[in-house]
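Bear in mind these aren't lab numbers, they're just calculated from the coordinates by the rules spelled out. Keep in mind it's a predicted model, so treat the numbers as computed, not measured. All Cβ positions, even for glycine, are placed from backbone atoms using ideal geometry, and neighbour counts span all protein chains on display.
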Amino acid sequence: MKVLKSLALSSFLIIAVSVSTTVYGASYDVVLKGGRVMDPESGLDAVRNVGIKDGKIAAITTAKLNGAREIDVSGLVVAPGFIDIHDHAQDNLGNAFQARDGVTTALEMELGVYPVAAWYQSRAGKAILNYGATVSHGKARLAMLTGSRFRPTNDPDGADAVPAAEFQKAIRTELTDDQIKGMLSNVEEGLRDGGLGIGIGVAYVPGARRTEIFRIFQFARQHHALIFVHGRYGSRIEPDSLDTAQELIANAAATGGAVHLCHIGSTGGMLAMTLLEMIEAAQTRQVNISTEVYPYTASDTWIGAPILDPGWQQRVDITYSDLEWRDTGERLTEETFNKYRAEQPFGKVVAHFMKEEMIRQIVARPGVIIVSDATGFSEGSGHPRTAGTFARVLGRYVREEQVLPLMEALAKMTILPARRLEPFAPAMAHKGRLQKGADADIAVFDPATVIDNATFKNAMQYSTGIKHVLVNGVVVVENEALTPNVFPGKPVRNAVAMP
Ligand SMILES: [Zn+2]
């Protein structure tokens, strides 16, 4: 994952791009005129016209281009559309807010979906953004244990598929060897149906012991599948967040498999910087591991989750008043915590526990991918990361605080996630690049004004300064307004399922 080191080496591509596009009088579907084109892979950072035809970037040039539709983007940055590899808000409400934040591909990699074929079918022809998902370990496991089949819902845990008591029992049940095989045969079916790897929310499935996770790594290696993990422990006391990383590093090293540790800020907590050092050290020893961060100091989960089982105050070093009931914004007390946990275990709770200085350092760290961990909205409430993640990094951390250069921030939103998925999902080789021949997934923004507006009190606020967004050449956002009734999003599937 040392992508940035190769940027200088590939700068020759700038020349290749600019001399190979001397097309005059050609007709393009859309022309973006006179913008500052920034491509993190080649390093191109110059004023160019961009011609789009049949959903692809067909020309990048200083020459004049004629388009059926021409958009003046002078003074604006023209970048590859942002690829969000950690997005639970897989519906068009989520898509709309993410499009206004510059996202063009939104993938549910962490917790995944199941059954996979039905889920892809449910989004076909209806998605604003490109979509895709891993096979959900949690749901494949629940299906094996309970015999339940699932609707293709947006509920990440499968909690709505079986009665609550059965669900709570299942996630705490340790599997026998035969049951592990049964679970893996469900996962295999999901991979055949195009699932982009395996999503494991092991913190939400405390019954999944070390053996089960190791077997999944062996299986994933055999099936050439990437594993995404919400780690076992987000704790500062042992077993702690470092045990989480060590389990993943050990399994990846032992099997040769590939793993991605989700949201290092919230999983690491006070230990996040040590966790990051550990991951970087493993990378230098060829362990195939990567990580990501969402740029906020509070997490979002359900109040009945095992993460909030007794002892959470010591594990996370927080107390009741650090927890916020999402629907009302109220801070909890011992009494309201116990009441909500008993009466509405799947109600959403926001935990304020991370330090801003730590998030700032992780956002700036080379190689760490930016993700939203979008959790969508319920009753108008939500975590601001669904709507604001990418504009927040560009406005707050790049422009206002200058903790990282704009090109590096863009790399973390485009080429880094594209390259991470590329060995498993060939479609990603055409994404995350502002280059001739790439998919016309493009974000055009004003670097002087781009900023997030969503807050914990008011999460459904569009970002400012993301002017135009194109998905497969279709304008889904123009002049900071959504285009109604366009659904150009295409599926991203794994290599096994490709024709
Ligand atoms: Zn998570």
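Checking the cross-link pairs LYS348/LYS412; LYS33/LYS490; LYS348/LYS490; LYS431/LYS490; LYS53/LYS126 against a 24 Å limit on the alpha carbon distance flags LYS348/LYS412; LYS33/LYS490; LYS348/LYS490 as lying beyond it. Taking a ≥ b ≥ c as the square roots of the Cα gyration tensor eigenvalues, with a/c under 1.5 meaning rounded and otherwise prolate when a/b beats b/c, else oblate, which class fits the range 380-448? Taking the square roots of the gyration eigenvalues as a ≥ b ≥ c, the range 380-448 is prolate.
How large is the Kirkwood hydrodynamic radius of the range 252-291, in angstrom, based on all distinct alpha carbon pairs?
Working: mean 1/r = 0.0968 Å⁻¹.
Hydrodynamic radius (Kirkwood, Cα pairs) of the range 252-291 is 10.3 Å.
Once you sort the root eigenvalues of the Cα gyration tensor of the range 173-287 as a ≥ b ≥ c, which label holds: rounded (a/c under 1.5), prolate (a/b larger than b/c) or oblate (the other case)? Because a/c hits 1.5 or more and a/b exceeds b/c, the range 173-287 counts as prolate.
Along the axis of the charge dipole computed for the range 307-371 (Cβ charges of +1 for Lys and Arg, -1 for Asp and Glu, origin at the Cα centre), the listed residues ALA342, ILE359, TYR320 are led at the positive end by ILE359. Projecting the Cα positions of THR267, ALA454, GLN121 onto the charge dipole of the chain (unit charges on Cβ atoms of Lys, Arg, Asp and Glu, taken about the Cα centre) puts GLN121 furthest along the positive direction.
Paramagnetic label reach from ARG192 (point 7 Å along Cα→Cβ; backbone nitrogen cut-off under 19 Å): within the range 106-120, residues 113-120. Stretching the chain fully between LYS181 and ASP309 yields a gain of 43.2 nm (0.36 nm per residue, less the alpha carbon separation).
From Cα pairs below 8 angstrom and at least 6 apart in sequence, can you work out the relative contact order of the range 82-427, rounded to a whole percent? Please report the intermediate quantities before stating the final value.
Details: 684 pairs, mean separation 60.3, N = 346.
Computed over the range 82-427, the figure is 17 percent.
Measuring between their Cα centroids, the range 317-374 and the range 467-492 lie 32 Å from each other. Taking other C-beta atoms within 10 Å as the exposure proxy, ASP327, ASP373, ASP441 rank ASP327, ASP373, ASP441 from fewest upward. Here the calculated FRET efficiency for GLN344 and TYR320, from their Cβ-Cβ distance with R0 = 22 Å, stands at 0.85, rounded to the nearest 0.05.
Averaged over all directions, how much area does the convex hull of the C-alpha atoms of the range 263-411 cover when projected, in nm²?
On the way: hull surface 38.4 nm².
Across all orientations, the range 263-411 yields a mean hull projection of 9.6 nm².
Cβ crowding within 10 Å ranks THR104, THR274, THR267 as THR274, THR267, THR104, fewest other Cβ atoms first. Look at TYR114, TYR120 and count the other Cβ atoms within 10 Å of each Cβ; fewest to most, that gives TYR120, TYR114. Classification of the range 345-482 by its C-alpha gyration tensor yields a rounded form. The axis ratio a/c (a ≥ b ≥ c) stays under 1.5. For the chain, a crude dipole built from +1 on the beta carbon of Lys and Arg and -1 on the beta carbon of Asp and Glu, taken about the Cα centre, is about 1200 debye to the nearest 20. Over the range 230-322, Cα pairs under 8 Å with separation of 6+ residues give a relative contact order of 31 percent. Length gained on full extension, ALA253 to ALA495: 84.8 nm, using 0.36 nm per residue less the C-alpha separation. What the Cβ-Cβ distance of GLU334 and GLU70 gives, at R0 = 60 Å and to the nearest 0.05, is a FRET efficiency of 0.45. Geometric descriptor of the chain, per residue, is 128 Å³ (volume of the convex hull of the Cα atoms). Helix 272-284 axis versus longest C-alpha principal axis of the chain: approximately 70°, rounded to the nearest ten.
Stretching GLU357 away from GLN222 to a fully extended chain increases their span by 44.6 nm, per 0.36 nm per residue minus the current alpha-carbon distance. For the chain, adding -39500 (n - 2.57) for each run of n ≥ 4 DSSP H residues and dividing by the number of residues yields -8500 deg cm²/dmol at 222 nm.
Between the amide H of GLY112 and those of THR134, distances stay under 5 Å, these residues lying 5 or more places away or on another chain, with hydrogens modeled in the peptide plane.
Of the beta bridges DSSP finds with both residues in the chain, what % are antiparallel, to the nearest 5?
In the chain, approximately 55 percent of DSSP beta bridges are antiparallel ones.
Could you point to the residue in ASN92, HIS223, VAL205 farthest towards the positive end of the chain's charge dipole, with +1 and -1 charges on the Cβ of Lys/Arg and Asp/Glu respectively? Sorting the options by dipole projection puts first HIS223.
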